Amino acid sequence: MEKIWIITDTNASFSASDFCIPGRELGFNDAAYCRKMTLSGGRQTGVEIIEISNGLLTLRVCPTRGMGIIDGHFGPHPLGWQSPVREIVHPQYIHLLEMGGRGCHYGFNEFLNRCGIEWSGAMGDDEIINNMGNTDRIFLPLHGKVGWTPACRVALRCQDETLILEGDVPEQIVFGVNYMLRTQLILEKGRTRIRIEDTLSNLGDGAGEYEMLYHTNFGPPFLEAGSQFLGTYDKLVPRDQFAAAGMDDLAVFPGPTPGFIEQVFLLQGCPDEQGFAHQLLVNAAQNLAAKVSYQIATLPYTILWKRCSGMRDGYVAGFNPCSDLPNPRRIEREGGRVAQIQAGADVTFSHWIELFEGQDTVSAVKAEIQRKRGQEQIGAAGDFTFFTR
């Protein structure tokens, strides 16, 4: 029998007080639990956190920030990275247009940050038709708004030894889009897998564009000097000359390097028999690994983000499945990659993160990725037309 706990419902002007539900009420063992807490102090005052655990994985989810996963633990191993931003900053202090459109970086510190929905990539100019039928030139800041929008409804569901944390995040504007993103974070009993199953609904009367990107970020102990990258992809393009200079070391990560200039590699996934492509991060000792899997029907691309700066500046690698490339929306539209959602339609995004420990287990998952490798064609730096040839 399914159990449901309503945590937030703006239609009823309801938000649950802080609570803790023990594992036995969830149908799990005593190590599992779900609890809500409200943070205090500084820029995080009023931020709500839901901590959820199946006994093997523990995650901190932030309904105040688009149901992003702040951080977590896999056994004794931390999930996430050490951003210079240590507080969980409330969206009221984030002004996306600051720093030339990079205002999100004043709060960016999640393990998983959703980017979208109207746009998800780099900042840049675009044009829209306004409500009077005229063309307006607008500026879109980095990565969109969804990661900084509080959920309007949050619920915990428990059924068949599965925990589902569900949150509805709106993106709605008069004379514009009317979208609702239903996010689902799914933890299963006895499994070290995080399933993200999101559904975008167009509640309006007209078709609209969308872009989605799942910024999934790893630091130590998964990322360290000598960590390896493996993936299943058909095409790869270095974003710029800095990424092109790192192609010889594509599969290996350096240790913390103060002054490191980020390297971004854009990949087109190669699906397996279930329609998923995969990225794998393996530590230097080959006994710890994280696999990011994404369903290419709606997330056909992914990003390998190497940001191997000094530890105090944020030593991090990102595996970021996306619906199109992380360029300004205008460029993606011109390239024919921006997707549309029809009036009344739904689009689902599947993005899974699985953790592995032990040399034998890691060796087996590496062999699985090797068996599923794609064509691995390499394009010239910045040649995004390579993906359509």
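Nothing in this text is a laboratory measurement; each read-out follows from the coordinates by a stated rule. Here the structure is a predicted model, which means the values were calculated and not measured. Backbone-built Cβ (ideal geometry, glycine too); neighbour counts: all protein chains shown.
The residues neighbouring residue 111, those whose beta-carbon lies less than 10 Å from its own, together hold a net charge of -1 under the Lys/Arg +1, Asp/Glu -1 convention. Applying a DSSP loop filter and a limit of 16 other Cβ atoms within 10 Å to the chymotrypsin sites (Phe, Trp or Tyr not before Pro) in the stretch 150-241 leaves 175. Select one label from [x] 29, 28, 20; [y] 38, 24, 19; [z] 67, 24, 16: the one whose number is semi-axes √(5λ) of the Cα gyration tensor in Å as derived from the coordinates shown. Answer label, from the structure shown: [x].
Compute the FRET efficiency between residue 29 and residue 86 as 1/(1 + (r/R0)^6), taking r as their Cβ-Cβ distance and R0 = 45 Å, and round to the nearest 0.05.
It comes out at approximately 0.90.
So which aspartates and glutamates can residue 189 reach, going by Cα to Cα under 14 Å and dropping same-chain residues fewer than 8 places off? Partners found: 25, 30, 160, 161, 354. Loop-located GluC sites (Glu not before Pro) in the stretch 256-352 (DSSP state other than H, G, I, E, B) with a sparse environment of at most 10 neighbouring Cβ atoms within 10 Å: 273. For residue 178, the amide hydrogen comes within under 5 Å of the amide hydrogens of 203, 204, counting only partners 5 or more places away or on other chains and with H modelled in the peptide plane.
Each part reduced to its alpha carbon centroid, the stretch 7-65 and the stretch 167-235 end up 20 Å apart.
In the chain, the calculated helix contribution to ellipticity at 222 nm averages -2000 deg cm²/dmol per residue, counting -39,500 (n - 2.57) for every DSSP H run with n ≥ 4. Using the Karplus relation 6.51 cos²θ - 1.76 cosθ + 1.60 with θ = phi - 60°, the per-residue 3J(HN,Hα) values for the stretch 133-140 come to x, 9, 8, 10, 9, 10, 10, 9 Hz, with x marking Gly and Pro. The HN-Hα couplings worked out from phi for the stretch 173-185 by the Karplus form 6.51 cos²θ - 1.76 cosθ + 1.60 (θ = phi - 60°) are 8, 4, 6, x, 6, 9, 10, 9, 9, 8, 8, 9, 10 Hz, whole numbers, x standing for Gly and Pro.
For each of 83, 15, 293, count neighbouring Cβ atoms within 10 Å of the residue's Cβ, then give the residues from fewest to most.
Numbers: 83 19, 15 15, 293 24.
Least crowded to most crowded, the residues run 15, 83, 293.
Electrostatic tally near residue 168: other residues with Cβ closer than 9 Å to its Cβ, Lys and Arg +1, Asp and Glu -1, net +1. Computed from phi, the 3J(HN,Hα) profile of the stretch 329-336 under the Karplus parametrisation 6.51, -1.76, 1.60 (θ = phi - 60°) reads 4, 4, 5, 5, 5, 4, x, x Hz, with x in place of Gly and Pro.
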